[in-house]
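*Asks:* Can you read through this structure? Questions will come right after.
The values are calculated or read from the model by the stated rules, or taken from the named source; none is laboratory data. From a predicted model like this one, the values you see are computed outputs, not experimental measurements. Virtual Cβ from ideal backbone geometry, glycine too; neighbours counted across all protein chains shown.
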Amino acid sequence: MTDQLYLRDAELRTFTATVTDVTDDAVALDQTAFYATGGGQPHDTGLLSWDGGRAWVTNVRKADGSHWHTLDGALPAAGQTVSGEIDWDRRHQLMRTHTAMHILCGVIWNEYAVPVTGGNMEPLKGRMDFAFDPLPEGFAQKVEELVNAEIAMDRPIEVSFLGRNVALEDDDLIRTKVNLIPESVTEIRVVDIVGLDKQADGGTHVQSTAEVGTFKVAKTESKGKGNKRLRIELS
Ligand SMILES: [Zn+2]
């Protein structure tokens, strides 16, 4: 099992770890600050170095409880101590983008009581699908104004860990389908944009909404009945 250091400290950029397993092109570590692709957020990239070598981390994926770091170059051996440094520019852009997605969810819920049905992101760009049919008049401009107003309010973003039973009694978390998390998960990580949006979430986020930047709806598309897509951009 890899200890996912970013779950408790999304600001962590460097760390040391021990290689626990090696394949042709990837290493598993006992702990890592590299985010593995999941929950709509893409993996981190960065540098891994060790006594006698260094290589760029080109992919990070979860498998069998471990984080596998694909390396562009020679690999360290099992048991070796390594230092990791994540590409902070990319990660911080992803944290801003992921947080913008949660602000968008909160704003659309508060204004229209419509749930999100899916989403994905890359640095400073993302898409989210909502169960609208059809989209309301003037939707894109209205949403843009509401999201940027929440950003300007500089709301703090708090991460906490709740017992499963406590989380299942929280109305906000029920709305965002906390009950669909497998029963084997006994501790739920909660990301709370205080006063706006609370979700069970494993992603990395900035510390306050002001850090997100400027939000823009780039495009709206219909993906069929009861499913409308927003493409968003940050600057
Ligand atoms: Zn999220």
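*Asks:* Report yes if some residue within the stretch 125-148 is touching a Leu at 6+ places or on another chain (Cβ under 8 Å) and under 30 Å from TRP50 (Cβ atoms); otherwise report no.
*Replies:* Looking for residues that are touching a Leu at 6+ places or on another chain (Cβ under 8 Å) and under 30 Å from TRP50 (Cβ atoms), one finds none in the stretch 125-148, hence no.
*Asks:* Working only within the stretch 1-15, note down all residues that are surrounded by 13 or more Cβ atoms within 10 Å (Cβ to Cβ), hydrophobic (A, V, I, L, M, F, W, C) and assigned to a loop (DSSP other than H, G, I, E, B). Let's see the steps before the verdict.
*Replies:* Taking the stretch 1-15 as the starting set, the residues that turn out to be surrounded by 13 or more Cβ atoms within 10 Å (Cβ to Cβ) are 2-7, 10-13, 15.
Subsequent filtering for residues that are hydrophobic (A, V, I, L, M, F, W, C) retains 5, 7, 10, 12, 15.
Scanning the stretch 1-15 gives ALA10, LEU12.
*Asks:* Could you please let me know if THR204 is within 13 Å of the ligand (Cβ to nearest atom) and either of a type in the set (S, T, N, Q) or over 18 Å from the mean Cα position of the chain (by Cα) (or both)? Break it down stepwise before answering.
*Replies:* Numbers: within 13 Å of the ligand (Cβ to nearest atom): yes; either of a type in the set (S, T, N, Q) or over 18 Å from the mean Cα position of the chain (by Cα) (or both): yes.
Criteria met by THR204.
*Asks:* Next question, about the same structure. Just to check your reading of the model, which residue among SER184, SER160 is in a loop (DSSP other than H, G, I, E, B), without any contact (Cβ under 8 Å) to a residue 60 or more places away in the chain and more than 25 Å from GLU111 (Cα to Cα)?
*Replies:* SER184
*Asks:* So, one more: Evaluate the stretch 100-123: report whether one residue or more is in contact with a Cys (Cβ under 7 Å, 6 or more places away or on another chain) and assigned to a strand (DSSP E or B).
*Replies:* Looking through the stretch 100-123, at least one residue is in contact with a Cys (Cβ under 7 Å, 6 or more places away or on another chain) and assigned to a strand (DSSP E or B).
Condition check ((1) more than 22 Å from ASP171 (Cα to Cα); (2) away from the ligand (no atom under 16 Å from the Cβ)) across all residues:
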{"position": "GLY39", "(1), (2)": "no, no"}
{"position": "PRO42", "(1), (2)": "yes, no"}
{"position": "ALA74", "(1), (2)": "yes, yes"}
{"position": "GLY79", "(1), (2)": "yes, yes"}
{"position": "VAL82", "(1), (2)": "yes, yes"}
{"position": "ASN120", "(1), (2)": "yes, no"}
{"position": "ARG127", "(1), (2)": "yes, no"}
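*Asks:* Among the residues of the stretch 204-235, which ones are in a strand (DSSP E or B), surrounded by 15 or more Cβ atoms within 10 Å (Cβ to Cβ) and among the polar types (S, T, N, Q)?
*Replies:* SER208, THR220
*Asks:* Among the residues of the stretch 50-74, count how many are among the charged types (D, E, K, R), farther than 14 Å from ASP24 by Cβ and either in a strand (DSSP E or B) or modelled with pLDDT under 95 (or both).
*Replies:* Filtering the stretch 50-74 for residues among the charged types (D, E, K, R) gives 51, 54, 61-62, 64, 72.
With the extra rule that they be farther than 14 Å from ASP24 by Cβ, the set shrinks to 51, 54, 61-62, 64.
Applying the additional criterion that residues be either in a strand (DSSP E or B) or modelled with pLDDT under 95 (or both) yields 54, 61-62, 64.
The number of residues fulfilling the criteria is 4.
*Asks:* Which residues, counting only those in the stretch 33-49, are crowded, with 19+ Cβ neighbours inside 10 Å, out of contact with any Asp or Glu (no Cβ under 7 Å at 6 or more places or on another chain) and in a strand (DSSP E or B)?
*Replies:* Across the stretch 33-49, the qualifying residues are GLN41, LEU48.
*Asks:* Would you mention how many residues in the stretch 182-222 are among the β-branched types (Val, Ile, Thr) and over 21 Å from SER235 (Cα atoms)?
*Replies:* 6
*Asks:* Test of understanding: among THR97, THR70, THR58, which residue is surrounded by 15 or more Cβ atoms within 10 Å (Cβ to Cβ) and either within 16 Å of the ligand (Cβ to nearest atom) or aliphatic (A, V, I, L, M) (or both)?
*Replies:* THR97
*Asks:* Same structure, new question: State yes or no: is LYS177 modelled with pLDDT under 90 and within 16 Å of the ligand (Cβ to nearest atom)?
*Replies:* Judged against the criteria, LYS177 is a match.
*Asks:* Just to check your reading of the model, which residue among ARG155, ARG127 is among the basic types (Lys, Arg), surrounded by 18 or more Cβ atoms within 10 Å (Cβ to Cβ) and under 20 Å from LYS198 (Cβ atoms)?
*Replies:* One residue alone meets the criteria, ARG155.
*Asks:* For the stretch 107-123, indicate whether the set of residues that are surrounded by 14 or more Cβ atoms within 10 Å (Cβ to Cβ), charged (D, E, K, R), touching a residue at least 60 places away in the same chain (Cβ under 8 Å) and under 17 Å from ARG231 (Cβ atoms) is non-empty.
*Replies:* Checked the stretch 107-123: no residue is surrounded by 14 or more Cβ atoms within 10 Å (Cβ to Cβ), charged (D, E, K, R), touching a residue at least 60 places away in the same chain (Cβ under 8 Å) and under 17 Å from ARG231 (Cβ atoms).
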